[in-house]
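The values are calculated or read from the model by the stated rules, or taken from the named source; none is laboratory data. If you're wondering where the values come from, they're calculated on a predicted model, not measured in any experiment. When we count neighbours, we look across all protein chains shown, and the Cβ atoms used for this are built from the backbone with ideal geometry, even at glycine. What goes into the accessible areas is simple: the full protein's heavy atoms, side chains included, and nothing from ligands, DNA or RNA. Shrake-Rupley method; radii C 1.70, N 1.55, O 1.52, S 1.80 Å.
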Amino acid sequence: MAKKNIDWGNLSFGYIKTDKRYVSNYSDGKWDDGAIIEDDMITMSECACVLQYAQTIFEGLKAYTTEDGRIVIFRPDLNAERLANSSRRMEMPVFPEDRFVDAVAQTVKANADYVPPYGTGATLYVRPYMFGINPVIGVKPADDFQFRVFTTPVGPYFKGGAKPITIKISDFDRAAPHGTGNIKAGLNYAMSLHAIVTAHNEGFAENMYLDAQTRTKVEETGGANFLFITKDNKVVTPKSNSILPSITRRSLMYVAKEYLGLEVEEREVYLEELGDFAECGLCGTAAVISPVGKIVDHGKEICFPSGMEKMGPTTQKLYDTLTGIQMGRIEAPEGWIKVIE
Ligand code: PLP
Ligand code: COI
């Protein structure tokens, strides 16, 4: 194995083309056998359903090099399950869950030279996705679909890595009460683009979206769920039907309870109680846990006692335990780690 000549320690969260990708096509009501290919370009009709009506869904997970030099992926079965849920909601065929895990494993293996070495802080981000590819002009689902997996080596999602960020309460909504907020559809991200550009232009790293119906409850950001730590060290995460069920968040809640012995609570979190929390973090595959130091609500600042210099102590423990499990330093719960061989 010859690792690529990449400055692993200075990667940002950007796209770097790797050598191989996986593709499988759905046509005449069935998926073909799928294959690893080299061509990164996709040719399709000008009227492809994905281009006209945004029929596209995706997933995100990471491959890690462990302390003892193995390549592993984290809970890919949950990504397979979530993509299947996204497919059903978007009138797309389900890519069989066992084949999903196999396709991800094959793609990571084919790009093993791009998996960042242990200790560099970088990882290989894996992006499975599916889209409607045949021409559609009346509003209806496609008949033909393509499922693909590509990989790209990445560094931290937020500039500055583990440094606390400042976010704003968005005036835009991300998801409607009975909409698509709980699945991973491209359309949820399309509608967040204006909001994130607006936030960045105002100097904020991210948006906190509120529930669209009452605008009193915390939902999530454009790409991560929230975790809060109370002053008596309880881990609280917002409960809502219109947020993405983050695999990182579900894993962290388990880690908090079972590894760290903390009390955990999934419940509605109100905007007006934010000032009562001791720590706040964003969690997701890309974000890992990114600490939030300050939330700005139309000029009113909510500053967490953990400050703007470093992660709060409980967030740090959660971070260390989760990344310890992912990098093979801490024993993982049964079934969480799949070794790529
Ligand atoms: N919420 C949104 C909107 C996301 O895009 C993501 C990223 O996948 C998450 C939360 C975190 O989910 P996960 O931990 O499964 O990556
Ligand atoms: C992920 O964390 O995998 C995501 O898809 C988030 C995205 C905003 C990069």
Check your understanding: Within the group Glu59, Glu91, Glu81, which residue is in contact (Cβ under 8 Å) with a residue 12 or more places away in the chain, more than 14 Å from the chain's Cα centre (by Cα) and within 15 Å of ligand 1 (Cβ to nearest atom)?
Key -> Glu81
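Every residue, every condition in (1) acidic (Asp, Glu); (2) surrounded by fewer than 17 Cβ atoms within 10 Å (Cβ to Cβ); (3) touching a helix residue (DSSP H, G or I) at 6+ places or on another chain (Cβ under 6 Å), yes or no:
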position	(1), (2), (3)
Arg75	no, no, yes
Ser86	no, no, no
Arg89	no, yes, no
Gln106	no, no, no
Check your understanding: If you take just the helices (runs of 4 or more DSSP H) that sit entirely in the stretch 45-114, which of them hold at least 3 residues that are under 28 Å from Glu331 (Cβ atoms)?
Key -> 76-89, 97-110
Exercise for review: Take the residues in the stretch 321-341 that are exposed (fewer than 14 other Cβ atoms within 10 Å of the Cβ) and modelled with pLDDT of 95 or more, then tell me which one is farthest from Asp102 (Cα to Cα).
Suggested key: Glu331
Exercise for review: Determine whether the stretch 15-34 contains at least one residue that is in a loop (DSSP other than H, G, I, E, B), touching a residue at least 12 places away in the same chain (Cβ under 8 Å) and hydrophobic (A, V, I, L, M, F, W, C).
Suggested key: yes
Study note, to complete from the structure: The strands (runs of 3 or more DSSP E) lying entirely within the stretch 129-209 that contain at least 1 residues which are without any contact (Cβ under 8 Å) to a residue 60 or more places away in the chain and crowded, with 18+ Cβ neighbours inside 10 Å are 206-208
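Does Lys257 meet the test of being closer than 27 Å to Asp77 by Cα, charged (D, E, K, R) and away from ligand 2 (no atom under 14 Å from the Cβ)?
Criteria met by Lys257.
When residues of the stretch 210-229 are filtered for being open to solvent by less than 20 Å² (accessible area, probe 1.4 Å) and in contact with a helix residue (DSSP H, G or I) (Cβ under 7 Å, 6 or more places away or on another chain), how many remain?
6
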Exercise for review: Give the stretch 18-53 a look and list any residue that's over 15 Å from Pro135 (Cβ atoms) and in contact with a helix residue (DSSP H, G or I) (Cβ under 8 Å, 6 or more places away or on another chain), or say none.
Suggested key: Thr18, Asp19, Lys20, Arg21, Tyr22, Ser24, Trp31, Gly34, Ile36
Review point. Out of all the residues in the stretch 14-53, which are within 16 Å of ligand 2 (Cβ to nearest atom) and either open to solvent by 50 Å² or more (accessible area, probe 1.4 Å) or hydrophobic (A, V, I, L, M, F, W, C) (or both)?
Key: Tyr15, Ile16
Point to revise | Leading residue by the ranking (nearest to ligand 1 (Cβ to nearest atom)) among those in the stretch 239-294 that are touching a residue at least 60 places away in the same chain (Cβ under 8 Å) and among the basic types (Lys, Arg) | key: Arg250
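Name the single residue that is farthest from Pro164 (Cα to Cα) among those in the stretch 195-229 being away from ligand 1 (no atom under 13 Å from the Cβ) and of a type in the set (A, V, I, L, M).
The selected residue is Ala212.
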